[in-house]
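See below for the structure under consideration.
Each value in this text was obtained by applying a stated rule to the coordinates, not by laboratory testing. Note that the structure is predicted; figures quoted are calculated from it, not measured. Here the Cβ positions follow ideal geometry from the backbone for every residue, glycine too, while neighbour counts run over all protein chains shown.
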């Protein structure tokens, strides 16, 4: 039977507004986001599968709460192109490119080739002044990484909110780069279902997609 | 009495686990982080997982049709 008892991890949705809120006061808190970045990868690398997505992902829970219980989602099917493999992997590659560009900018600031940019870049395009959230005190590269990382976290949360409102509450999960990465790791660990012939998904009786 | 249909998961499942949370029978689990799988014996074909699934990979199989 379904276990309806609430666990401590069912309240992790609170982490999303706290994390984004802290970034308004001091951008250096953005470094905490490395937890959300490393933990899913470590869990899947060390055999925990997609436990992070399935149980601990604060953003997934946050979108589920807003779109589900608070009924802010239109609950329409996610568009076919958005759930295609091409889009999922394409978005992962795009995400990687932008992430390494952010690391490159951090390196340039660290080597004094560029000044610290005290802004948050939304949707990889729009520079939003964010100088109030940094009072100095850290090495320039540390602050630059915080601004860059916070930009990624805020942008991806906003994209998640937009697709939550337009489609299903957790439509973001379909193309979430962390989800795609961890699933790839799990696929490598589990062996390809195509090779073993069976992913034990019960889909076979309706015409197996892996056959 | 067994339900007339049960859920089946397509290969483009993203293993997000949304279906696991809404299943009233605990019939769904995520197999090694790769794909959701349905225990067809437990599934009552209620359709909650299909409504929840953001990847739209859940379909239904009529019992007795292909067994």
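Quick notes
- Relative intensity of region A:6-61 on a log10 scale, I(q)/I(0) at q = 0.12, 0.18, 0.29, 0.31 Å⁻¹, equals -0.31, -0.65, -1.13, -1.18, per a Debye sum over C-alpha point scatterers of equal strength in the absence of solvent.
- Exposure proxy ranking, count of Cβ atoms within 10 Å, fewest first, for A:178, A:98, A:125: A:125, A:98, A:178
- Spherically averaged projected area in nm², based on the convex hull that wraps the Cα atoms of chain A: 14.4 nm²
- Per-residue shielding of B:49-59, expressed as the average number of other chain Cβ atoms within 10 Å of the residue Cβ, stands at 6.
- Note on region B:5-62: Cα convex hull, mean projected area over all directions, 3.3 nm².
- Peptide A:166-173 has a mean shielding of 4, counted as Cβ atoms of other protein chains within 10 Å of each residue's Cβ.
- Take each residue in B:3-12, count the other chain C-beta atoms within 10 Å of its C-beta, and the mean is 5.
- The relative contact order of chain B comes to 45 percent, based on Cα pairs under 8 Å that sit 6 or more residues apart.
- Mean Cβ count within 10 Å, highest first, over the residues of peptides A:60-72, A:105-117: A:60-72, A:105-117
- P(r) tail for region A:1-95: Cα pairs beyond 17 Å make up 67% of the total.
- Among A:45-53, A:73-81, the order from most to least packed when residues are scored by Cβ within 10 Å on average: A:45-53, A:73-81
- Annotation: peptides A:182-189, A:6-13, ranked by per-residue average of other Cβ atoms within 10 Å with the highest first, follow the order A:182-189, A:6-13.
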